[in-house]
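Q: First the structure, then my questions, so here it is.
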Amino acid sequence: MSPADGVDSIAAGVRSGSRSAAAVLEEHLGRIAEREAEVHAFTLVTDSAARERAAVLDERVAAGEDPGPLAGVPVALKDNLCTRGVPTTCSSRMLEGWRPPYDATVVARLHDAGAVVVGKTNLDEFAMGSSTENSAFGPTRNPHDTSRVPGGSSGGSAAAVAAGFAAASLGSDTGGSIRQPAALCGVVGVKPTYGAVSRLGLVAFASSLDQIGPFTTSVADAATVLTVIAGPDPSDSTSIPEPFPDLRPSLERGVAGLRIGRISDLPAGADPDVAARVDAAFDALAAAGATIVDVEIPAFGYGLTAYYLIAPAEASSNLARYDGVRFGLRVDAPDTDAMYMATRAEGFGAEVKRRIMLGTYALSAGYYDAYYGKALKVRRRIAADFAAAYGRVDALITPASPSVAFAFGDKTSDPFAMYLCDTYTIPSNLTGDPAMSVPFGTGADGLPVGVQVLAPALGEPTMFAVAAELERSVGVGDG
Amino acid sequence: MSDRITRPAVEKVARLARLSLTEDEIVIATRELGDMLDHFADIDALDLDDVEPMTQPVPLVNVMRDDVEAPTLDRDEVLAAAPVATDGQFRVPPIIGLDA
């Protein structure tokens, strides 16, 4: 994509009247017409509504109004974000055809900032997966190589931005579902501090881990979109009451004087091509004036176990609401109990059932202490280890994904092999700290590699300063 | 193959989760859950006796909104999304099961 297709560039052009929202939209719909059949980023393209919306925005600009910081920016929404009157499926048969009676807070905020929604994007069913192969409506393909997965669970949102179908998109990240697909598709993806962005209208997977965040082609664009969607919301009791900080000054700050941590006991598993790019990232940051400090996070490696007990436990509770009564699928049966069982058997796919079973087991009488209870203690241990590290460093760098994009079917036969994709992203969800993936050159077969920047809670200003520096340095012959 | 979980335990969990599983699904779930629990045994090595459980990242309590009137969801719009609705209510099959 050219820089002219970025969020800030489009909004500046539309606000000044030098570009029309309608023309910008048609460029994006044109690319969708060309490649969507191949990529399958969307569960639904809302082209008619988008055209009406763009026309209204152009009229407002002509009348002297300012539509806002996302004026005329085409955006795509992961299809687990509620859109009033517009089908929201979670890529599940369970919710096929369901039209929510309200907009998610983030959707309302995008709208109020002048964005144009072009469609709903494909995901692993109920956001459970790392490849979008678990979508009930077929997988999304990686725009860089359509024989490979885009990552997941927000694979459609990552692919939509990588393919130029939208200038920005929103995803949700419960264990890496924004950062891993961002890495595999070569775009920027941000998991904000837990509570920074309202979860109202995000279909719940694991409520203590879920956060909504943006995908964009640049770090500055990610800051713009995050600033629009973040901030207190009285409708989310976990929303942080303080205003979200301004990230603009961070973009030009540089990293001089910052202490960047290298985790010396990071779990093994990253492919050599990915590890080489992470090493290059440390070199670039050191060259730009940062101090690289070795730190230890001994409990890091236990994150996978803690996560795959906690997330399914919360999911088994959250997904109890799909019972055929109030929304979505119902399979008729003579009594309610039989109706629940038949509806859930037909509506959920294999991975969702697997996690509901695992979570129900981990919470069941006799096993609660051994599994769920113990996982919550490991979570505390991990948070304490990170807090100790952040006493010595301002940010940490790791791989976002252990590998570049993999082929379809590579990891579908062994659930645990797929879970290992989340090794480096999971801890930030357990702690609630922010983390983001920044494209940093290429690895095997010329495919994108993402470097992950991690920071302490509400450390987004530092995180974006580091990310912006990585973006600048990869532009000067390092990628 | 792991012996951490038995077939009757899987059947009980499926029942608790209100999931009707096929014979094949029960066999696969017994194997997969056992294998996963084997992987998850790594945390057994940790001494966690003095560690407090952590249920959420941000310890917030009793968040109250201002007590002001605001629009609620539109009843007809909500009911329109239900599989079956009658007389302004969700309609379900008999609660008293045939085998109760």
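Throughout, read-outs are computed from the coordinates displayed, never taken from laboratory work. Quick caveat: nothing in here was measured; it's all calculated off a predicted structure. Using ideal geometry, Cβ is built from the backbone for each residue, glycine included, and neighbour counts are taken over all protein chains shown.
Q: Taking neighbour counts of Cβ atoms within 10 Å as a proxy for exposure, in what order, fewest first, do A:C90, A:C185, A:C82, A:C421 appear?
A: Exposure proxy ranking, most exposed first: A:C82, A:C421, A:C90, A:C185.
Q: Let me ask something else about it. Mean residue ellipticity at 222 nm from the helices of chain A, using -39,500 (n - 2.57) per DSSP H segment of n ≥ 4 over the full residue count, to the nearest 500 deg cm²/dmol?
A: Details: 16 runs with 182 residues, N = 479.
So the calculated ellipticity at 222 nm is -11500 deg cm²/dmol.
Q: Rg/Rh for the stretch A:177-275: what does it come to with C-alpha atoms and Rh from Kirkwood? Let's see the in-between values first.
A: Values: Rg = 15.8 Å, Rh = 15.7 Å.
Reported Rg/Rh (Cα atoms, Kirkwood Rh): 1.01.
Q: When the label point is put 7 Å from the Cα of B:R4 along its Cα-to-beta-carbon vector, which residues of the stretch B:45-62 have a backbone N closer than 13 Å?
A: Under 13 Å, as judged by backbone N against the label point of B:R4, lie B:45 of the stretch B:45-62.
Q: Suppose every Lys and Arg Cβ carries +1 and every Asp and Glu Cβ carries -1, with no other charges. What dipole size does the stretch A:26-133 come out with about its Cα centre, to the nearest 20 debye?
A: Values: 11 positive and 18 negative charges, 62 e Å.
It comes to approximately 300 debye.
Q: Something else now. Over all alpha-carbon pairs of the stretch A:324-423, lay out the pair-distance distribution in 5 Å bins, whole %, shortest bin first.
A: Percent of pairs per bin, in order: 2, 9, 10, 13, 14, 14, 15, 11, 5, 3, 2, 1, 0.
Q: Between B:K12 and B:N62, what is the spin-label point distance in nm, taking each point 7 Å from the Cα along the Cα→C-beta axis?
A: Those two pseudo-labels are separated by 3.9 nm.
Q: Moving on to the next point. For helix B:7-16, what angle does its Cα long axis make with the longest principal axis of chain B, in degrees from 0 to 90 and rounded to 10?
A: 20 degrees
Q: Another question, if that's okay. Can you list the trypsin sites (Lys or Arg not before Pro) in the stretch B:30-100 that are in a DSSP coil and have 10 or fewer other beta carbons within 10 angstrom? Kindly include the intermediate steps, with their values, before the conclusion.
A: Details: sites: B:R31, B:R65, B:R75, B:R91; in loops: B:R65, B:R91.
Passing sites in the stretch B:30-100 are B:R65.
Q: Continuing with the same structure: Mind running the shape call on the stretch A:237-374? Use the C-alpha gyration tensor, a ≥ b ≥ c as the square roots of the eigenvalues: rounded below 1.5 for a/c, prolate if a/b tops b/c, oblate otherwise. Provide the component values of the computation, followed by the final result.
A: Numbers: a/c = 2.84, a/b = 2.14, b/c = 1.33.
Prolate shape, in that a/c is at least 1.5 and a/b is the bigger ratio.
Q: Okay, moving on. How big is the convex hull of the Cα atoms of the stretch A:1-77, per residue, in Å³?
A: It is 86 Å³ per residue.
Q: Other chains near B:49-62: what is the mean number of their Cβ atoms within 10 Å of each residue's Cβ? List each step's numbers first, then the result.
A: Details: counts 1, 1, 8, 3, 9, 16, 6, 9, 16, 10, 0, 6, 1, 1.
Across the residues of B:49-62, the mean count of other-chain Cβ atoms within 10 Å is 6.
Q: One-quarter of the Cα convex hull surface for chain A, in nm²? Write out the running numbers ahead of the final one.
A: Numbers: hull surface 85.8 nm².
Taking a quarter of the hull surface, the average projection is 21.5 nm².
Q: Loop only by DSSP, 15 or fewer other Cβ within 10 Å of the Cβ. Give me the GluC sites (Glu not before Pro) in the stretch A:227-326 that pass, ordered by residue number. All intermediate terms of the calculation are to be shown ahead of the outcome.
A: Values: sites: A:E252, A:E296, A:E314; in loops: A:E252, A:E296.
Here the sparse-neighbourhood loop sites are A:E252, A:E296.
Q: Taking K and R as +1 and D and E as -1, what net charge do the other residues with C-beta under 14 Å from the C-beta of A:K374 add up to?
A: Its environment carries a net charge of -3.
Q: Would you mind ranking B:H39, A:H40, A:H111 by Cβ crowding within 10 Å, fewest neighbours first?
A: Ordered from fewest to most neighbouring Cβ atoms within 10 Å, B:H39, A:H40, A:H111 come out as B:H39, A:H111, A:H40.
Q: Once you place label points 7 Å from the Cα toward the Cβ at A:D332 and A:D66, how far apart are they in nm?
A: Distance between label points: 5.8 nm.
Q: Only sites in a loop by DSSP and with at most 10 other Cβ atoms within 10 Å count here; which GluC sites (Glu not before Pro) in the stretch B:7-90 make the cut? The partial results should precede the final answer.
A: On the way: sites: B:E11, B:E23, B:E25, B:E32, B:E69, B:E77; in loops: B:E69.
Passing sites in the stretch B:7-90 are B:E69.
Q: Put +1 on the Cβ of every Lys and Arg and -1 on every Asp and Glu Cβ in the protein assembly as shown; which of A:V293, A:V39, A:S130 then has its Cα farthest towards the positive end of the dipole?
A: The listed residue farthest towards the positive side: A:V39.
Q: Give me the Å³ per residue figure for the convex hull around the C-alpha atoms of the stretch B:12-100. All intermediate terms of the calculation are to be shown ahead of the outcome.
A: Details: hull volume 23.9 nm³, N = 89.
Here the figure is 268 Å³ per residue.
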